[in-house]
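Participant: Got a structure here, written out as structure tokens. Questions coming.
The values are calculated or read from the model by the stated rules, or taken from the named source; none is laboratory data. Quantities reported herein were computed from a predicted structural model and do not represent experimental measurements. Cβ atoms come from the backbone with ideal geometry, glycine included; neighbour counts cover every protein chain shown. Note: accessible area is taken over every heavy atom of the protein model, side chains too, but ligands, DNA and RNA are not part of it. Shrake-Rupley method; radii C 1.70, N 1.55, O 1.52, S 1.80 Å.
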Amino acid sequence: MIQEKFDLYWMTQSLELARRAQDSGEIPVGALLVNNNQLIASGWNCSIKNHDPTAHAEIIALQKAGVVLKNYRFLHTTLYVTLEPCIMCAGAIIHSRICRLVYGAKDFKTGACGSFINIINRPGLNHYIKVKSGVLENSCSKILRTFFKIRRRKKIQHLSN
């Protein structure tokens, strides 16, 4: 029960980061890394602003965590993400050796943690990650749906002008 409260709290914080991404014109995804219920690092999508296809929320949070922890392995940590990680991010998560991954919305087009493909717990990997999906799923899905709805509307308006 206590872990469930922590998961809700940290996912709510991740949604705030997703809103920051949205406010800057990015796809609204937020991520943060926690150890013993203490924030280590956070990130949100910055691919558009940084002109960098690897600037996903998860990657940014993991890069910042490496600096903070002075290590590339994040044993005993939990990564919270508003959207199911893609293949690139799943690979980075595996290499970082986090203990748990908690995400909100499933991504049936590019999700690599069970929805589209399951890279994160592929048999034969040398590290197993506990995965919990669907935490604040409706809120995480809604921010993404709203973002893309507005984006499509702007594109149609631009094309009609």
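Participant: Report the full-extension gain for the segment I2 to N35: residue separation times 0.36 nm, less the Cα-Cα distance, to one decimal in nm.
Facilitator: Details: separation 33, 0.36 × 33 = 11.88 nm, distance 1.47 nm.
Contour length minus Cα-Cα distance gives 10.4 nm.
Participant: Nearest 10 degrees, 0 to 90: what angle lies between the long axis of helix 2-23 and the longest principal axis of the chain (Cα atoms)?
Facilitator: 40
Participant: Let me ask another. Averaging the inverse of every distinct alpha carbon separation and then flipping it gives the Kirkwood radius. What is it for the stretch 43-96, in angstrom units? Present the calculation step by step, with values, prior to reporting the outcome.
Facilitator: Details: mean 1/r = 0.0872 Å⁻¹.
Computed over Cα pairs of the stretch 43-96, the Kirkwood hydrodynamic radius comes out at 11.5 Å.
Participant: What pairs in K5/K49; K106/K130; K70/K142; K64/K130 have C-alpha atoms more than 27 Å from each other?
Facilitator: Numbers: K5/K49 34 Å; K106/K130 16 Å; K70/K142 36 Å; K64/K130 22 Å.
Pairs exceeding 27 Å: K5/K49; K70/K142.
Participant: Then there is this: Give me the dipole magnitude in Debye, nearest 20, for the chain about the Cα centre, with unit charges on the beta carbon: positive for Lys and Arg, negative for Asp and Glu.
Facilitator: Working: 22 positive and 10 negative charges, 72 e Å.
Charge dipole of the chain: 340 debye, to the nearest 20.
Participant: Grab every C-alpha pair in the stretch 1-113, bin the distances at 5 angstrom width from 0 up to the longest one, and report whole percents.
Facilitator: Result returned by the calculation: 2, 13, 25, 27, 20, 10, 2, 0, 0.
Participant: What does the accessible area per residue of the chain come to in Å², with a 1.4 Å probe and no ligands, DNA or RNA counted? Could the numbers behind the result be given before it?
Facilitator: Numbers: 9310 Å² over 161 residues.
Normalised by residue count, the accessible surface of the chain is 58 Å².
Participant: Okay, moving on. Return the loop-located trypsin sites (Lys or Arg not before Pro) in the stretch 13-98 (DSSP other than H, G, I, E, B) with at most 14 other Cβ atoms within 10 Å of their own Cβ; answer none if there are none. Could you put the intermediate results ahead of the total?
Facilitator: Details: sites: R19, R20, K49, K64, K70, R73, R97; in loops: K70, R73, R97.
The qualifying sites are K70, R73.
Participant: Direction-averaged shadow area of the convex hull around the Cα atoms of the stretch 79-161, nm²?
Facilitator: Working: hull surface 23.8 nm².
For the stretch 79-161, averaging the hull's shadow over all directions gives 6.0 nm².
Participant: Let me ask another. Percent of accessible area on the stretch 6-63 owned by carbon and sulfur, 1.4 Å probe?
Facilitator: Values: 1370 of 2680 Å².
The value for the stretch 6-63 is 51 percent carbon and sulfur by accessible area.
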